[in-house]
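Report on the structure given below.
Every read-out reported here was derived from the displayed coordinates using simple, explicitly stated rules and does not represent laboratory data. Worth saying up front: this structure is predicted, and the values here are computed from it rather than measured. Positions of Cβ are backbone-derived with ideal geometry, glycine not excepted, and every protein chain shown enters the neighbour counts.
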Amino acid sequence: MALRLGGGGGWPGILTPDSGCTDPVPARQQACHPKSQPYAGGTPGGTGVTSTLPPPPQGPGLALLEPRRPPHDYMPIAVLTTICCFWPTGIIAIFKAVQVRTALARGDMVSAEIASREARNFSFISLAVGIAAMVLCTILTVVIIIAAQHHENYWDP
């Protein structure tokens, strides 16, 4: 018994015997002829369409299989920069550090990582603004002292 493409009912994609079933539904054609197989694509009797996608990465670098460390909450630097540097962004950094701890308690690693990144950014912004303000105040103080000494010498007879 030979197989032909198209089935008895004219359905492409089903290999059925020549003596075939005339039922147009492919599932019933297979029930009528249990040895028939679905057409695999490509050429008749071929292996079908091959994937052009690269294989997934394997080995120790696969991030999904490695245990992830919980993100750092940056609470100490947030408190320090709030007290010593620039308090408006320091308060935001503390708030974000608390969000990191809350997200870790819930088990939400994605939210914890986002809040951790924001806590770090606001802490460093507060630190940078504080350092810039201290440098600016130091320069301004030196300029005022120099100007005051020059001004006193100007009026002496």
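With a simple spin-label model that places each label point 7 Å from the Cα along the Cα-to-Cβ direction, the separation between residue 132 and residue 148 comes to 2.8 nm. Scaling the Cα radius of gyration of the stretch 74-153 by the globular reference 2.2 N^0.38 Å produces a ratio of 1.60.
Extension gain for the segment residue 110 to residue 68, taken as residue separation times 0.36 nm less the Cα-Cα distance, is 14.0 nm to one decimal.
Once the C-beta distance of residue 117 and residue 79 is scaled by a Förster radius of 25 Å, the resulting FRET efficiency is 0.85 to the nearest 0.05.
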